[in-house]
Amino acid sequence: MSLMVSISGIRGIFGTDLTPQNLTLYSAAFGTWLNGGTVVVGRDSRVTGELCERVVIAALQSTGCDVISLGIATTPTVAMSVLKHKANGGIIISASHNPAEWNALKLLNDKSEFLDKEQGEEVIKIARNHRVVYRDYQGIGSARTDDTALESHIDAILDLPYIDAQVIAKADFNVAVDAVNGAGSHAIPRLLERLGVRSVKKLHCEPNGMFPHNPEPLPEHLTEICDLVAGSDCDIGFVTDPDGDRLALVDERGKLFGEEYTQALAFEFMLKLKPGPVATNLSSSRVTDDIASKYGQTCHRSAVGEINVVKEMQRVGAVIGGEGNGGVINPDLHYGRDALVGIAMVLQHMADERKTASHIREEMPDYIITKTKMKLQDMDADSVLATIAEAYAGQRINTTDGVKIDFDEGWVHLRKSNTEPIIRIYSEARNREYAEELAAEIKNRVTG
């Protein structure tokens with residue numbers, strides 16, 4: 001496998017694909033693109049994180065950047081620190097939900113947003129064309145630490161007008177947390193403490209980077225916390241990925257909400273307080289449309305990718321946004337996925353409504369999403385997508401990102417992979433059988 005370089009970041013297996021040499025190159029390219037200024041750097045808990053951090057900080061300093069190091073910090077905490085320090089940019093050293101041997105650089109601009117397509121391509125071009133500009137001994141940047149970043153992040157959450165720690169404390173919640181030994185290991189319990197949660201049962205909350213299970217918060221990886229919640233008096237369980245931007249929920253019976261329903265609950269919470277449009281990506285569940293419609297609002301759709309959702313939110317003035325992978329984007333705080341604010345909103349909603357987590361989930365419509373892929377072999381991806389768009393021209397078609405076909409009782413979304421010779425096929429319906437039938441019909445159209 002080779003180093004994965006895209007506008008989404010620089011990602012690879014440390015020691016083979018991701019090396020100190022290319023960490024230096026792309027960090028210095030970012031510093032060159034910024035032309036100096038202040039850069040916030042934070043990392044998740046991976047074993048290679050501290051080493052990578054030292055390389056990244058030195059590379060940034062060598063291009064004239066002044067670096068503020070946070071050490072282990074969640075991705076949203078780094079984003080909030082960019083705003084706090086009025087920094088020119090930020091680097092998050094994290095491979096998100098990838099296994100422990102991976103690491104990556106994720107780049108933020110001065111608005112604390114991930115770089116958009118044009119910005120990302122400029123940084124990549126500087127690196128690939130060897131246009132990095134290093135400073136002499138009089139121009140190198142400084143480096144300092146900030147150990148108040150988490151508290152500042154939590155302060156900002158508690159300052160939101162609809163988050164009331166006293167109300168949450170009176171609800172006397174008992175909560176379980178699985179932070180997969182990632183960056184949320186200290187952050188999530190500290191947030192819960194400041195929200196007045198009565199008791200926190202910690203599972204895998206040692207930030208040592210030794211992930212006890214596959215770190216992507218999918219049902220097959222979360223049986224342990226489900227058993228913990230079911231066998232205790234917990235009101236809810238929270239699960240985050242290694243960098244703390246995705247959030248999964250477990251109800252008091254030990255049953256998973258489903259990753260699509262984290263943002264659905266956030267939409268419900270916000271729209272009851274603050275009417276306005278909402279936004280998510282094309283591959284997220286139709287449940288968000290149902291919730292928006294319930295409040296007389298529209299759910300707008302973007303191409304897949306956090307920055308694409310953010311751009312759509314800004315375009316339509318969305319009051320809340322997110323992605324179906326457990327990502328909640330609250331623009332009142334910052335334009336990025338944030339598990340911490342998601343947790344605060346969930347607990348506030350439960351306290352306000354005086355309902356159990358299972359009751360809240362049962363009030364939402366049920367949808368089933370299936371995810372599969374089709375090998376292209378000798379087929380051209382663009383030709384396949386064009387063929388499908390033509391075949392279903394009579395349906396509601398969206399070609400913003402691949403081809404999405406909306407039927408009355410479900411939808412199918414086809415996207416070509418940027419890293420493999422495959423087309424990803426997502427389908428959704430009220431039941432699994434029909435969702436699988438929709439995906440199979442599309443495959444048959446292609447293969448004949």
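Among the residues of the range 80-93, is there at least one that is of a type in the set (D, E, K, R), surrounded by 24 or more Cβ atoms within 10 Å (Cβ to Cβ) and either touching a residue at least 60 places away in the same chain (Cβ under 8 Å) or not assigned by TED's automatic domain parsing to the domain that holds GLY141 (or both)? Within the range 80-93, none of the residues are of a type in the set (D, E, K, R), surrounded by 24 or more Cβ atoms within 10 Å (Cβ to Cβ) and either touching a residue at least 60 places away in the same chain (Cβ under 8 Å) or not assigned by TED's automatic domain parsing to the domain that holds GLY141 (or both).
Restricting attention to the range 31-41, the residues being in contact with a Ser or Thr (Cβ under 8 Å, 6 or more places away or on another chain) and either outside the structural domain of GLN61 (by TED's automatic domain parsing) or under 15 Å from VAL55 (Cα atoms) (or both) number 3. The set of residues in the range 214-250 being of a type in the set (S, T, N, Q) and either on the phi > 0 side of the Ramachandran plot or free of Cβ contacts under 8 Å to residues at least 60 places away in the same chain (or both) consists of THR223, SER232. Scanning the range 315-369 for residues that are among the small types (Gly, Ala, Ser) and not in a loop (DSSP other than H, G, I, E, B) gives GLY321, GLY322, GLY327, ALA339, GLY342, ALA344, ALA351, ALA357, SER358. Taken over the range 58-79, residues that are crowded, with 22+ Cβ neighbours inside 10 Å and either under 20 Å from the mean Cα position of the chain (by Cα) or closer than 15 Å to ASP44 by Cα (or both) amount to 9. Search the range 394-440 for residues being modelled with pLDDT under 90 and out of contact with any strand residue (DSSP E or B) (no Cβ under 7 Å at 6 or more places or on another chain), and hand back the single one that is farthest from LEU3 (Cα to Cα). In this case the residue turns out to be GLY394. Restricting attention to the range 286-307, the residues being polar (S, T, N, Q) and either surrounded by 24 or more Cβ atoms within 10 Å (Cβ to Cβ) or at pLDDT below 95 (or both) number 2. Residues in the range 279-311 that are of a type in the set (Ser, Thr, Tyr) and without any contact (Cβ under 8 Å) to a residue 40 or more places away in the chain: THR288, SER293, TYR295, THR298.
Restricting to the range 158-204, and then to whatever is among the polar types (S, T, N, Q) and in contact (Cβ under 8 Å) with a residue 40 or more places away in the chain, can you tell me which residue is surrounded by the most Cβ atoms within 10 Å (Cβ to Cβ)?
Let us first name the residues in the range 158-204 that are among the polar types (S, T, N, Q), namely 166, 174, 181, 185, 199.
Now narrow it down to the ones that are in contact (Cβ under 8 Å) with a residue 40 or more places away in the chain: 174, 181, 185.
Values: ASN174: 16, ASN181: 24, SER185: 27.
Filtering the range 158-204 for residues that are among the polar types (S, T, N, Q) and in contact (Cβ under 8 Å) with a residue 40 or more places away in the chain, the one surrounded by the most Cβ atoms within 10 Å (Cβ to Cβ) comes out as SER185.
The values are calculated or read from the model by the stated rules, or taken from the named source; none is laboratory data. For clarity, every value in this text was computed on a predicted model and none was experimentally measured. Positions of Cβ are backbone-derived with ideal geometry, glycine not excepted, and every protein chain shown enters the neighbour counts.
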